[in-house]
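Data first, discussion second: the structure below is written as structure tokens.
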Amino acid sequence: MRKIISNRYRGILFAFIMSCSTAMIVSAIIIYLHGAADKAFLKVWLEAFLTAWPIVFISILVIAPQVHRFLNLFVEDETA
């Protein structure tokens, strides 16, 4: 199967997908736990999600490379 996206975009795509799913799940759970389980849930959740997503996206872009370097201290490289 031919890949349609260059590997150089892998980190950004990872951050995009990870931040979207994380912000969606966490904001929904927090909104629900704080009692917004009524008909306004969707509106409140969407506002919270749209606030959280860019923050999580930038955080992952900044933090992920440092986490990878940290893990390299402890995790065996199977390609070597």
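Here, each number is a calculation from the coordinates, and none is a lab measurement. Everything quoted here is computed from the prediction, not taken from an experiment. No Cβ is skipped: glycine too gets one built from the backbone with ideal geometry, and neighbour counts run over all protein chains shown.
Report, by residue number, each residue of the range 1-22 that is part of a loop (DSSP other than H, G, I, E, B) and either surrounded by 10 or more Cβ atoms within 10 Å (Cβ to Cβ) or of a type in the set (D, E, K, R) (or both).
2, 3, listed by residue number.
Could you look through the range 23-45, keep only residues that are surrounded by 14 or more Cβ atoms within 10 Å (Cβ to Cβ) and of a type in the set (A, V, I, L, M), and pick out the one that is nearest to the chain's Cα centre (by Cα)?
So, considering only residues that are surrounded by 14 or more Cβ atoms within 10 Å (Cβ to Cβ) and of a type in the set (A, V, I, L, M), the one nearest to the chain's Cα centre (by Cα) is 23.
Only residues that are aliphatic (A, V, I, L, M) and either loosely packed, with under 10 Cβ neighbours inside 10 Å or more than 19 Å from the chain's Cα centre (by Cα) (or both): list them for the range 63-80, please.
Answer for the range 63-80, where residues must be aliphatic (A, V, I, L, M) and either loosely packed, with under 10 Cβ neighbours inside 10 Å or more than 19 Å from the chain's Cα centre (by Cα) (or both): 71, 73, 75, 80.
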